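Coordinate-derived values only; no laboratory data. Quick caveat, the model's predicted, so the values are computed rather than measured. Glycine also receives a Cβ, built like all others from the backbone with ideal geometry; neighbour counts cover every protein chain displayed.
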Amino acid sequence: MEVSMWQLGVLLIGIGFCIGFVIVCINLGIIFKRSSEILVKINKILDENEKKVGNIVNNVDNIVSSVDKIVSIGTSISNFLTGIKFVSNILNRNDKGRNVKNVTCDK
C-alpha cells in the first residue's frame, strides 16, 4: 500500500482537528462546571442575605430622598457662601478705590 504526501497531510490535519475539538470540549466542560459552582454560591449568598437585600430594596426611596435633601442643603450653603464672597469683593473694591485719607480741619 502506497501513501502519498497529500493523503498523509489530510490525515494529519484530521487528527489535528480531532485533538483541537477534544480540547475545546474539555474547556467548555470546565467553564460550565465553574459557572454552575458560581451560580450555587450566588444563590447561597442571596438566601443568607435575603432579608438585608429586601430591606435595601424597600428603603431605596428613603435613601434617595435623604440624598436629595443633603444635596439641596449643600447647594444652599454653596450659594450662600458665593453671595457672601460677592458682597465681600464689592466692599473690598470700594475701599481700595477711595484712596482718601481722613483729614480733620482745625480752626
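Brief remarks follow.
- Distance (nanometres) between label positions extended 7 Å along Cα→Cβ at S76 and K51: 3.8 nm
- With the helix formula -39500 (n - 2.57) applied to DSSP H stretches of n ≥ 4, the chain reaches a computed 222 nm mean residue ellipticity of -31000 deg cm²/dmol.
- Using every pair of separate Cα atoms, the Kirkwood estimate puts the hydrodynamic radius of the chain at 23.7 angstrom.
- Considering region 8-52, its Cα convex hull presents a mean projected area of 3.0 nm².
- For region 1-69, the set of GluC sites (Glu not before Pro) satisfying both a DSSP loop assignment and a count of at most 11 other C-beta atoms within 10 Å is given as E2.
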